[in-house]
Amino acid sequence: MTTPDQFRQIEQLVDIQYRQQQKSFQRLLAEEGRLRAALRQLDEHLKESRESGDVSQRAIGADVVWQAWVGRKKQELNMQLAQVLAIKEHHIAQVRRAYGKVLAAQELHRQSKTIQKQKTAQTLLDRAVNSSLFS
């Protein structure tokens, strides 16, 4: 029979695992945010360069080279973002599963304490009855 202390230890271990999953998930969210910010920044730079329309850059073809570089960089960032989003989807399931384990462990610990209290109360009652009968 598992004791309330053992259930408490299980609850603590499951909680530690859950917190580790959360930290990993937070790092993924930070990476996703970084990639999205980099994409927004590239879009802003591209917009600014198109609006400035520097004739000297057009004359030497630098604007075409710049736009090609921006296109490649955006493609690279979008690929990285897609990978992060795929990993994120997997992590969401892991975090949910870990949280479910936390809830289950908490409930088992609570039930175990309740059962232990009932057993203790029954033992005390039995002792009281026995002592009153034999006194």
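Among all residue pairs at least 6 apart or on different chains, which show Cβ distances below 6 Å where the first residue, located in the range 102-127, is in a helix (DSSP H, G or I) and the second is modelled with pLDDT of 90 or more and open to solvent by less than 70 Å² (accessible area, probe 1.4 Å)?
Filtered contacts from the range 102-127: V102/V14; V102/D15; V102/Y18; A105/E11; A105/V14; Q106/E11; H109/E11.
Looking at (1) within 21 Å of L103 (Cα to Cα); (2) at pLDDT below 95; (3) surrounded by 12 or more Cβ atoms within 10 Å (Cβ to Cβ), find the lone condition where W66 falls short.
Here W66 meets the rest and fails (1).
For Q80, indicate whether it is more than 25 Å from E11 (Cα to Cα) and modelled with pLDDT under 95.
no
Here is a check on your reading of the model: is E89 over 12 Å from L28 (Cα atoms), assigned to a helix (DSSP H, G or I) and open to solvent by 40 Å² or more (accessible area, probe 1.4 Å)?
In short, no.
The values are calculated or read from the model by the stated rules, or taken from the named source; none is laboratory data. Quick caveat, the model's predicted, so the values are computed rather than measured. Cβ coordinates were reconstructed from backbone atoms using ideal geometry, including for glycine residues, and neighbour counts include every protein chain displayed. We work out accessible area using only protein heavy atoms, side chains counted, and drop any ligands, DNA or RNA first. Shrake-Rupley method; radii C 1.70, N 1.55, O 1.52, S 1.80 Å.
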